[in-house]
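The values are calculated or read from the model by the stated rules, or taken from the named source; none is laboratory data. What you are looking at is a predicted structure, and each value in this text was computed from that prediction instead of being measured. Here the Cβ is made from the backbone with ideal geometry for all residues, glycine too, and neighbour counts use every protein chain on show. These area figures cover heavy atoms from the full protein model, side chains too; ligands, DNA and RNA do not enter into them. Shrake-Rupley method; radii C 1.70, N 1.55, O 1.52, S 1.80 Å.
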Amino acid sequence: MDEVESTIMKKSQIRPPSRIPSPGKGLSEITESQNNSRLRPPGTVPQSLKYTYSTASLQMVGNDEPKRKTLVERAGEPAKPNTSFAPGRSVVKGTSLTSARSTSMASSTSSRPQSSSSRNTSASSFASSVGPGVRPPSSYGARPQTSMSRARSNTASSKRPATAMDDHLDPGGGPATGKRQGWDVHGRIADMEAMYFELKDTMADTNVERKSLEETVRHYKIKLLQLESKNSALEAKKTALESQNMTYDSKIASQQAELDAARQRANTMMTAADDDRRSHRIELDDAIHNHRRELDQLRRDMTEEIDRLKKTHQRNTDDEFERLDKAHRDEIRELERRNASHLEEEERRRVQDLYEVKKQITLEQQNLDLAVGNKDREIQSMREQIEQMKAELDQEQTSKANLQKSLNDSSSSVVNLEGTVRSLRDRIQFLESGSQAQSDRFELMEKQLQDALEQAQESKSKLTKEETLRRILFNQVQELKGNIRVMCRVRPTNPSEEVAKILYPDIDKESKELELQGPEEKSSLGTITRKTNAFTFDRTFGPSTTNEEVFSEISQLVQSALDGYNVCIFCYGQTGAGKTHTMSSSDGMIPRATHMIYEKATELQDKGWTYSMEGSFVEVYNEEIHDLLGNPREFDKVKHEIRHDEKKKQTAVTNLKSVELDSPDAVESILRRADANRSVAATKSNERSSRSHSVFILKLIGRNSTTGETSEGTLNLVDLAGSERLKQSGAEGDRMKETQNINKSLSCLGDVIGALGQGKEGGHIPYRNSKLTYLLQYSLGGNSKTLMFVMISPLEAHIKETLTSLKFATKVHNTHIGTAKKTTRVKERDA
Ligand SMILES: Nc1ncnc2c1ncn2[C@@H]1O[C@H](COP(=O)(O)OP(=O)(O)OP(=O)(O)O)[C@@H](O)[C@H]1O
């Protein structure tokens, strides 16, 4: 609002005249009228006029009609009453501004001290130019008092600078600043024109000012309307709040009344409760008092009754005791009599039972004999079956040999025939005779050749079929022999060593039995005895047996690996019993097996089989896997993990070096390297005792291009660490840890074989309990074939350990994995 006002104020400033010509003396009557207006004191303005101006000004604002005419227009008009001009001026310069901001106006007006006088002057000049007759009467005489006029009357009038008007007022007529003479009509007209333009500008300014004022008034009106609507809204709100307030007041009053009523009720209830409590207390006191009295009375009565009863009871007890004593004695006599008869009866019955039991035992014995006879017959029939199968196998092998021979013959005859054909062709070409005889002969020979070729092809396909059949029959024979087999080998001795008594009762027959005389045992009577322990295995090898003989017994298993089975052959026994000699020596099982596989694989090439063979060698030492073909310095750095392929039933070890066995020499180099790397440590039992389990893994993958068959087998040859007992070995520190780990893994091996023997479908087999059993998971049990060599030392000093090894082997031998097998037991009899 102030900003608008200040704008208005700025616009309302009237430019001071630049130069006002001083009027000549001929214009004195105008001067006089002007003088009159100037000379009239401010207080002389009639009150009625003042009122009229203000009302008129308000009307002007309200009507918003620019009724004023320009000075030029009015110049040609007839004279009008004074009031018609004065209010217009007052509206613009006086009343409205005075009432709004009198101070601002005063200051703005005072900044232009010459404005009114210039106007007066211009009016006078104008009058003088148009002549006195048309000049309007002095409007200034009727002008209301404004701040400007007050300022002039109070302060500026006395100190006002000299103006043209003053010159007119000067009676001396000597113009202080006059520049034109009375005759200088043109000059005056020019001045008049200048003044006229100046006035025109002033009027234009005034119009602008008026418009802005009208705008302001409109703005105020809008504002007023907004305020009024706001006021009415507030009024409505106030009314609503008042009515709400009244509702609350009435609610509070009703709740207060309810509260008072509730208080009243509570007081009444409290009083009633107090009364009740008092009356109850009195009743309770009375009751307690009565109860005590009754209790005392009862106590007295009871005491009297007890005394009376005691006396009566004493009497009765004495009588009863006498009576019971008599009855008891009678009863004892009666019981003794009954017991005697009962005993007689019982004895009779027992004798009868004994007779029945004896009879039943005899019957069962007969049944058992029958069953044993049946079993024997079954065994006999199985043996016969095996024999028959062996005969069939022999027959098949013979037929295979014959076929092979005929194939060879056919091949050589084919070669011969081919040579013949070539020579005949040459001859044909040479002869060129085309004679019938020659032609016939040639045809005959060609036919013979064709027949021979067909025969050879037929023999080849027959041979392939024979091979497949052989595999099936061979596996059947292996299964009949059992999927886990145990063989015992006794190492030779030096002449200086004290040997224990070991017998081989069936050495000339099946070579399965072994008898060992146990250690000396002292009885309670002081007599010393030695028990003979008899053992039976799938085969027993005496000290003179060579590695070649041993291998001939196990070669069939190696053949199974080629046929796609998982085969595991392991040597078990105490340190120094000959495990390493049997397994890894230069003519041991590992080199022999690999050589055999190599040879067989080469042979099978004729039957369409191609084999790839990969060998790796690991060591399980302190439950860690080491790569025996790797760098021994990195044994502790490189970690190996065992991964199983559940689907293929194959095991893989991570970060393991495997060597392609493309020649027999490759096997020897592997063995040399593994031997150099193998962890060895000295113990009391053996100077170079292997302290780890070593596993030679041979993977055999075969493909038959003719039949499309594939086979994937694994041969594991395991040299177990020594099985000596902790106490005996005298191991300490690291050695003790080694021995503990060895014993743990060997006992896990026993547990696994035991669990497999129970043969429960889906039963838990604790393969994971040791690294060794986990590594051999798919080579122990299931569809795999296992052979255990129990190595024993024949020395007297090792007899206890030997017995332990043999008992463990018997436990394994009694395990049924896969097909049924005869159970053997350790037989003991005194020497
Ligand atoms: N059948 C055998 N014929 C000849 N010598 C043998 C035979 N068995 C074992 N030996 C010899 O007996 C010694 C101990 O044998 P070997 O090292 O094989 O025992 P080990 O049971 O493997 O011992 P460890 O488990 O501690 O390695 C070796 O010198 C070995 O040559």
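Residue 584 meets the conditions (1) in contact with a Lys or Arg (Cβ under 8 Å, 6 or more places away or on another chain); (2) open to solvent by 10 Å² or more (accessible area, probe 1.4 Å) in every case but one. The failed one is (1).
Would you confirm whether or not segment 638-651 contains a residue that is of a type in the set (A, V, I, L, M, F, W, C), within 16 Å of the ligand (Cβ to nearest atom) and not in a loop (DSSP other than H, G, I, E, B)? Taking every residue of segment 638-651 in turn, none turns out to be of a type in the set (A, V, I, L, M, F, W, C), within 16 Å of the ligand (Cβ to nearest atom) and not in a loop (DSSP other than H, G, I, E, B). Residues in segment 554-572 that are assigned to a helix (DSSP H, G or I) and open to solvent by less than 20 Å² (accessible area, probe 1.4 Å) were compared, and the one that is nearest to the ligand (Cβ to nearest atom) is 554.
Take residue 551 and tell me if it is modelled with pLDDT of 90 or more and within 15 Å of the ligand (Cβ to nearest atom). Spelling it out, residue 551 is indeed modelled with pLDDT of 90 or more and within 15 Å of the ligand (Cβ to nearest atom).
Scan segment 493-503 for residues that are outside any strand (DSSP E or B) and within 15 Å of the ligand (Cβ to nearest atom) and the total you get is 5.
Evaluate the following for residue 575: is it assigned by TED's automatic domain parsing to the domain that holds residue 786, at pLDDT below 90, crowded, with 23+ Cβ neighbours inside 10 Å and within 16 Å of the ligand (Cβ to nearest atom)? Here the answer is yes, as residue 575 does meet what is asked. Scanning segment 750-766 for residues that are open to solvent by less than 30 Å² (accessible area, probe 1.4 Å), assigned to a helix (DSSP H, G or I) and either polar (S, T, N, Q) or free of Cβ contacts under 8 Å to residues at least 60 places away in the same chain (or both) yields a count of 2. Of all the numbered requirements in (1) of a type in the set (Val, Ile, Thr); (2) within 16 Å of the ligand (Cβ to nearest atom); (3) open to solvent by less than 10 Å² (accessible area, probe 1.4 Å); (4) in a helix (DSSP H, G or I), residue 620 misses one, and that requirement is (4). Working only within segment 512-548, note down all residues that are of a type outside the set (Ser, Thr, Tyr), in a strand (DSSP E or B), away from the ligand (no atom under 16 Å from the Cβ) and farther than 12 Å from residue 500 by Cβ. Of everything in segment 512-548, those that are of a type outside the set (Ser, Thr, Tyr), in a strand (DSSP E or B), away from the ligand (no atom under 16 Å from the Cβ) and farther than 12 Å from residue 500 by Cβ turn out to be 513, 521, 522, 528, 531, 534, 535. Can you tell me which of 211, 237, 221, 200 is surrounded by fewer than 11 Cβ atoms within 10 Å (Cβ to Cβ) and part of a helix (DSSP H, G or I)? Result of the check over 211, 237, 221, 200: 237.
The single condition among (1) touching a residue at least 24 places away in the same chain (Cβ under 8 Å); (2) open to solvent by less than 70 Å² (accessible area, probe 1.4 Å) that residue 631 does not satisfy is (1).
Of the residues 340, 437, the single one that is open to solvent by 70 Å² or more (accessible area, probe 1.4 Å), over 30 Å from residue 462 (Cα atoms) and of a type in the set (Gly, Ala, Ser) is 437.
Do you know which of the residues in segment 703-727 that are farther than 22 Å from residue 652 by Cα and more than 16 Å from the ligand (Cβ to nearest atom) is modelled with the lowest pLDDT? Per the stated criteria, the residue is 727.
Against the definition (of a type in the set (D, E, K, R) and out of contact with any strand residue (DSSP E or B) (no Cβ under 8 Å at 6 or more places or on another chain)), how does residue 643 come out, yes or no? Against the criterion (of a type in the set (D, E, K, R) and out of contact with any strand residue (DSSP E or B) (no Cβ under 8 Å at 6 or more places or on another chain)), residue 643 does not qualify. Just one of (1) among the hydrophobic types (A, V, I, L, M, F, W, C); (2) assigned by TED's automatic domain parsing to the domain that holds residue 651; (3) away from the ligand (no atom under 14 Å from the Cβ) fails for residue 583. It is (3). Of the residues 200, 179, the single one that is modelled with pLDDT of 90 or more and not hydrophobic (A, V, I, L, M, F, W, C) is 200.
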